Amino acid sequence: MAVNTASPSIDDLLQHIRPAVRERSEYVVDMPSGIDVKLNQNESPFDLPDDLKEELLNAYRQVEMNRYPSEQPDKLRHALAEHDGVDPDCILVGNGSNEITYTFGLAFLDPGDPVVLPRPMFSLYEKVARLQDADLTTVPPREDFGFDADALADAAAETDAALTILTTPNNPTGLAMTLGEIEQVVTASSGFVVVDEAYVEFNPEGPAVELLDRHPNVLILRTLSKGFGLAGVRLGYLIAHPTVVRELMKARLPFMVDRFAEQTALAVLRRPGLIADRVQQLQTSIADLTDALQAMDRVDVVPSQANFVIFTTPVPADALQNRLADRGVLVRNMGGYPELQGYLRVSAGTEAENNAFLAALETSLSEIATGTGA
C-alpha cells in the first residue's frame, strides 16, 4: 500500500552531506567584465602558434571519438619520462595536477591522519586534507616569507606525518626551497612528501627529481599549465616510485586523460625549443616587471622565482584591485592568506600587458594619493 509522505526539505537533505564538505567553500576565481589584461592566474600569456594548431587539427581528425582513452596515455607517459629522464613506470598522468592532489587524499589519508602544510600555500592542499578529516599542522614562514625548513622537518618528525606538502617555487609567494632544504624535510619524514613543482621551469634551484633515487617517499607533482602554456588542456603528472604509482592508480577514477589532451601535449613536447623560448620570455618578463615595481615609490615587492610576483602598497589591496579592474587590468588579491594581507599578485604577461598593468598601477596610486579619479 502506497504511503503519502512529504518530500524532504532541502535543509533535511543537506544533513546527509558530510560536514567536512559543507564547511568548505567552492574554488571560484572572479572574472569581472571589461578586462583586457588578465594577470591574475599565473597563466602563460602565449597561446599555441597557428602552425601547431593546424598540426593538432589534423591529429584530431584521426582520433576515434567513440572509443574510451586508455587508463594512462601511454605515448604521453613515455614522452614525459624522456623529458624528465625517468622510467615511464614512474609517471602517472592526470587531468591537471589538481586531480592528482585529490587522489592523494583518497589514497593516503584516513580521518585523523597527521598532515604537515607550510603557510601560506596553494589552498587546495588544505582543502583536500580537511575533506578527509585529517589532523593538520601548519608551519608559518620565515619573516621573508620563505619556507622554514627546520620547522617543517621538526613538524613532520614530531607528528609522524602521513603526508607533508612542499610547493617550490611556492604559490602564492614565488619563493623556492633549495634541494638541501627539501631533502632535510624528506629525511625527517616517515610518510610521503609531495614536492609540487608547478613552476619548475622558472626555478633557478632546479628540479628535485634526483631525490627519487635516494628517497622512495618523494612524490614530485608537475603541471603543463605554466611553462608549457596548456592551462586550458588540463594536464598534470606525478613522478614517483613505480610501486607508489601502481597503488595510486587504484584510487583514481578511470579515463581521466582524454585523447585530445594527449595529442596536444605530445605536439608541444616535440617542440622543446618553443617551450624553452617561452620560458625565457617569461623569465625576462617577470624580471622586468619586478624591476619596474621596485622602482615605484610606495611599492614593496617580494622577488620571485616563478612567473608571478607579489607586492604591497599603502593602499588597501581590495581598493587597489578594484581600481586596476576599472582600467581593464585583473590581478589577484592575496588577502585570503593571513600572512599576505595587503598584498596583490601579478602574473608575467607580454610586454604590452606588463606596460598596461604598470601604467594602470601608477595612475591608480596617484589618484588615490591625491583623492582624484573614480
- Query: Cα-based Rg of region 11-136 per 2.2 N^0.38 Å, rounded to two decimals?
  - Reply: 1.44
- Centre separation in Å (Cα based) which lies between region 192-224 and region 242-296: 13
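With +1 on the Cβ of every Lys and Arg and -1 on the Cβ of every Asp and Glu, and nothing else charged, how large is the dipole of the chain about its Cα centre, in debye rounded to the nearest 20? Walk me through the intermediate numbers first.
Details: 29 positive and 55 negative charges, 193 e Å.
Charge dipole, the chain, about its Cα centre: 920 debye, nearest 20.
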- Message: What does DSSP give for the chain in terms of the percent of beta bridges that are antiparallel, rounded to the nearest 5?
- Response: 50
- Item | Charge dipole of region 74-228 about the Cα centre (unit charges at C-beta), most positive-ward option of S225, A155, G180 | S225
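Can you give me the convex hull volume of the Cα atoms of region 67-270, divided per residue and expressed in Å³? Show your work: numbers first, answer last.
Working: hull volume 22.3 nm³, N = 204.
Residue-normalised Cα hull volume stands at 109 Å³.
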- Task: Would you work out which of Y102, A240, S366 lies farthest towards the positive end of the dipole of the chain, given +1 charges on the beta-carbon of Lys and Arg and -1 on that of Asp and Glu, about the Cα centre?
- Result: Y102
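Within a 10 angstrom radius of the beta carbon, how do T5, T264, T243 rank from fewest other beta carbons to most? Kindly include the intermediate steps, with their values, before the conclusion.
Values: T5 6, T264 25, T243 10.
Arranged by neighbour count, lowest to highest, T5, T264, T243 become T5, T243, T264.
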- Message: How much of the DSSP bridge set in region 67-270 is antiparallel, in percent, rounded to the nearest 5?
- Response: 35
- Task: Enumerate the whole-percent occupancy of each 20 Å bin, from 0 to the last occupied one, for all C-alpha pair distances of the chain.
- Result: 26, 55, 18, 1, 0
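Calculated FRET efficiency, S25 and D154, Cβ-Cβ r, R0 30 Å, to nearest 0.05? Don't skip to the answer; put the middle values down first.
Values: r = 31 Å, r/R0 = 1.03.
Calculated value: 0.45.
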- Item | Signed unit charges on C-beta, dipole axis of the chain, positive-most listed residue Y199, V128, Q280 | V128
- Query: What is the fewest-to-most order of T168, T138, T313, T372 by other Cβ atoms lying within 10 Å of their Cβ?
  - Reply: T372, T138, T313, T168
- Task: Between A292, A161, A317, find the one with the highest GNM mean-square fluctuation for the chain; connect C-alpha pairs within less than 10 Å.
- Result: A292
- Give K127/K250; K38/K127; K53/K226; K53/K250 a once-over and call out the pairs whose C-alpha atoms are over 24 Å from each other. K38/K127; K53/K250
- Sort out for me the Cα centre separation of region 1-75 from region 305-373, rounded to whole Å. 28
- Task: Would you mind telling me which residue in D277, D300, D318 has the biggest mean-square fluctuation in a Gaussian network model of the chain, where springs connect alpha carbons within a distance under 10 angstrom?
- Result: D277
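If we sort 123-132, 60-69 on the protection proxy, mean other Cβ atoms within 10 Å, highest first, what's the order? Each step should come with its number before you reach the end.
On the way: 123-132: 19.0, 60-69: 9.8.
Most protected by this proxy first, the peptides run 123-132, 60-69.
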- Message: At q = 0.16, 0.19 Å⁻¹, what log₁₀ I(q)/I(0) does region 4-72 have when each alpha carbon counts as one equal point scatterer in the Debye sum?
- Response: -0.93, -0.95
- Note on the structure: Toy charge model, Lys and Arg Cβ at +1, Asp and Glu Cβ at -1: region 67-270 dipole around Cα centroid in debye, rounded to 20, equals 1000
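Values quoted throughout were computed directly from the atomic coordinates according to the rules given, and no laboratory measurement underlies them. These figures come from a predicted structure and were not determined experimentally. Counting neighbours? That spans all protein chains shown, and the Cβs are built from the backbone with ideal geometry, glycine included.
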